[in-house]
Amino acid sequence: MSVDGRAAIVTGGASGIGLAIARQLAKEGARVVIADMDHDMGESAAEELQPLGNVQFIRTDVSKRLDVHNLMALAIDHFDEIDILVNNAAVMERCPFLDIHEEGFRRVLDVNVMGAFLTTQAAAKIMVDQAENGRSPGAIVNISSLNGRVAMGGQMAYCVSKGAMDQLTRSAAVELAPWGIRVNGVAPGTIATDMVANLTDRPGMRDQILSRTPLGRLGDPSEVAELVSFLVSGRSAYMTGETVLVDGGRRALNLTLPSDSE
């Protein structure tokens, strides 16, 4: 089963990996809602992708139940159904552990974990109703991170949130399996987005990242998007509860590699 004609929601879809996912799904014929906090970027992203098909933007703060309820209602208004949900919305709080304020830690978990829970629960209720009325089962993909499995200094809240998202994926997969609804995850390593570009501009940072990446390059957002497309299509019909690493081999590496400058 392809994604052609399916109705999809991509949270955090206005830029970076989320935009690449929205683009890939639209190219393959899906009708796509981009849900994002940034109104201007969201409108711009929807306009950019409109030539590919039916792409709508709905401003959404996924950490707020009312916003999520509004997102689902408007998506149904646009498309009459919800077949695919991609939970990509996330924030990061860079701060040493001893200096993290409670508000910052809570904000990361509110968006990254509570947001994924709220959208997954709301979309799943619609998908269950559709399945019970004879429609094809839905599919959900959570965009996690390599940092859900390994730790990084100064990013405790983010690492904790992505570890929690991996468990949300497994738990939701078990709970929703009776209706044929599949829940999987994708855990990217270092992907060439604007956020990463700001990080790799720091002296020596790019070499440090590549020294831990056997394939010797950053990932491209399209490479994540193509895996998401596979996971929400019938090509992965027997996969659920799994989170797939897309990290250039970084998780497999024990020692760092010599850089080109050495």
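Looking across region 30-60, the residues that are free of Cβ contacts under 8 Å to residues at least 40 places away in the same chain and either surrounded by 19 or more Cβ atoms within 10 Å (Cβ to Cβ) or under 11 Å from Val10 (Cα atoms) (or both) come down to Val32, Ile34, Gly42, Ala45, Ala46, Leu49, Val55, Gln56, Ile58.
For Ser161, state whether it is closer than 26 Å to Arg6 by Cβ, hydroxyl-bearing (Ser, Thr, Tyr) and at pLDDT 95 or above. No; evaluated as a whole, the condition is false for this residue. Is it fair to say Met127 is in contact (Cβ under 8 Å) with a residue 12 or more places away in the chain, buried (at least 20 other Cβ atoms within 10 Å of the Cβ), more than 21 Å from Gln24 (Cα to Cα) and not polar (S, T, N, Q)? So Met127 passes the test. Filtering region 58-94 to residues that are at pLDDT 95 or above and in a loop (DSSP other than H, G, I, E, B) leaves Thr60, Asp61, Val62, Ser63, Lys64, Asp80, Glu81, Ile82, Asp83, Asn88, Ala89, Ala90. The C-beta contact set for region 132-150 (first residue over 16 Å from Val86 (Cβ atoms), second residue of a type in the set (A, V, I, L, M, F, W, C) and part of a strand (DSSP E or B), distance under 9 angstrom, 6+ apart or interchain) comprises Leu146/Ala187; Leu146/Leu245; Leu146/Val246; Asn147/Ala187; Gly148/Ala187; Arg149/Ala187; Arg149/Leu245.
Return the residue satisfying two criteria in turn: it lies in region 83-109 and is under 20 Å from His69 (Cβ atoms) and touching a Lys or Arg at 6+ places or on another chain (Cβ under 9 Å), and of such residues it is surrounded by the fewest Cβ atoms within 10 Å (Cβ to Cβ).
Within region 83-109, the match that is surrounded by the fewest Cβ atoms within 10 Å (Cβ to Cβ) is Asp83.
Condition check ((1) over 17 Å from Gly18 (Cβ atoms); (2) in contact with a Lys or Arg (Cβ under 6 Å, 6 or more places away or on another chain); (3) at pLDDT 95 or above) across all residues:
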{"position": "Ala151", "(1), (2), (3)": "yes, no, no"}
{"position": "Gly154", "(1), (2), (3)": "yes, yes, no"}
{"position": "Arg170", "(1), (2), (3)": "yes, no, yes"}
{"position": "Val183", "(1), (2), (3)": "yes, no, yes"}
{"position": "Leu199", "(1), (2), (3)": "yes, no, no"}
{"position": "Leu210", "(1), (2), (3)": "yes, no, no"}
{"position": "Val228", "(1), (2), (3)": "no, no, yes"}
{"position": "Gly241", "(1), (2), (3)": "yes, yes, yes"}
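The numbered conditions (1) in contact with a Leu (Cβ under 7 Å, 6 or more places away or on another chain); (2) surrounded by fewer than 18 Cβ atoms within 10 Å (Cβ to Cβ); (3) not hydrophobic (A, V, I, L, M, F, W, C) are all true for Asn70 except (1). Would you confirm whether any residue within region 217-231 is farther than 25 Å from Glu28 by Cα, out of contact with any strand residue (DSSP E or B) (no Cβ under 7 Å at 6 or more places or on another chain) and of a type in the set (Lys, Arg)? Yes, some residue in region 217-231 is farther than 25 Å from Glu28 by Cα, out of contact with any strand residue (DSSP E or B) (no Cβ under 7 Å at 6 or more places or on another chain) and of a type in the set (Lys, Arg). So Val141 passes all but one of these: (1) modelled with pLDDT of 95 or more; (2) in a helix (DSSP H, G or I). Which condition number does it fail? Failing condition for Val141: (2).
The values are calculated or read from the model by the stated rules, or taken from the named source; none is laboratory data. All figures in this text were calculated on a predicted structure; none of them were measured in a lab. Cβ sites come from the backbone with ideal geometry, for glycine too, and all protein chains shown count toward neighbours.
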